[in-house]
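Contents: one structure, followed by commentary.
The values are calculated or read from the model by the stated rules, or taken from the named source; none is laboratory data. The model shown is predicted, which means the values in this text are computed figures rather than measured ones. Counting neighbours? That spans all protein chains shown, and the Cβs are built from the backbone with ideal geometry, glycine included. Just the protein is used for accessible areas: all its heavy atoms, side chains included, with ligands, DNA and RNA removed. Shrake-Rupley method; radii C 1.70, N 1.55, O 1.52, S 1.80 Å.
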Amino acid sequence: GTYGPYPIGFAFTFFGQSYWEFYVSPNGWAGFSQEAGSILWCSTFGKSTMPNNLIGGFGGDRAIESADGGEIAYKLFGSAPDRRLVIQFTRLRYSFASPGDHLDMQVILYEGSDQIQVQYANLTAPASGSVGLEGPYPDYFYRCYQETCPAEVGEHLAVRFRPVSP
């Protein structure tokens, strides 16, 4: 599923459009449009298939289960004009059906610079997933981490995306 909208706390520009609210999916992504079909596959980047208009932190057929101690939370830090929104995915399962492998991930939106950082910790095993950005229609411009998908993520990895123009 996709949950939201939730307030960002400031205007955030993503692929040339300003947003004041965001959505999250327990399938490992945050975005700016409510979408059905919320599993983010590598083959989704750059296409009109859903989801779109998103930040793929660790996309795939993932899960957040409260029985695992998992949750998605967010908090606004700082003061204008240097605020940042942190979206925390705790104990995100690598696979929906596999409670043994999980990680913690943060997606951070920076006010003013419109930069995005995705960072990882507490991995139970090496992992790979759909990591990148995809813009809104009509062109579905996208960028993937390491220009590949899936991308390997590691303990204490932080990926910084700077604004790009289509």
Take every Cα-Cα distance within the stretch 74-119, group them into 5 Å bins from 0 onward, and report for each bin the whole-number percent of pairs it holds.
-> 5, 22, 21, 18, 11, 10, 6, 4, 1
On the accessible surface of the chain, probed at 1.4 Å with all protein chains in place, carbon and sulfur together account for a percent value of 50
Any chance you could look up the accessible area of Ser66 with a 1.4 Å probe, heavy atoms only, rounded to 10 Å²?
-> 100
Using alpha-carbon positions, what is the distance between the centroids of the stretch 51-74 and the stretch 123-164, in Å?
-> 14
Relative contact order (percent, whole number), the stretch 15-156, Cα cutoff 8 Å, 6+ residue spacing = 22
Dipole check, the chain, charges on Cβ (K,R +1; D,E -1), about Cα centroid: among Ile55, Asn122, Gly28 the Cα furthest to the positive pole belongs to Ile55
Debye, to nearest 20: dipole size of the stretch 32-166, +1 on Lys, Arg Cβ, -1 on Asp, Glu Cβ | 200
Gained length - Ala80 relative to Val159, 0.36 nm times residue gap less alpha-carbon distance = 26.1 nm
Simple Cβ-charge dipole of the stretch 103-166, Lys/Arg +1 and Asp/Glu -1, about Cα centre, in debye nearest 20 = 80
Options [x] 39, 35, 27; [y] 50, 35, 25; [z] 53, 40, 26 - which one matches Cα extents along the principal axes in Å as calculated here | [x]
Checking Gly31, Gly57, Gly78 against a Gaussian network model of the chain (alpha-carbon springs below 10 Å), the top fluctuating residue turns out to be Gly78
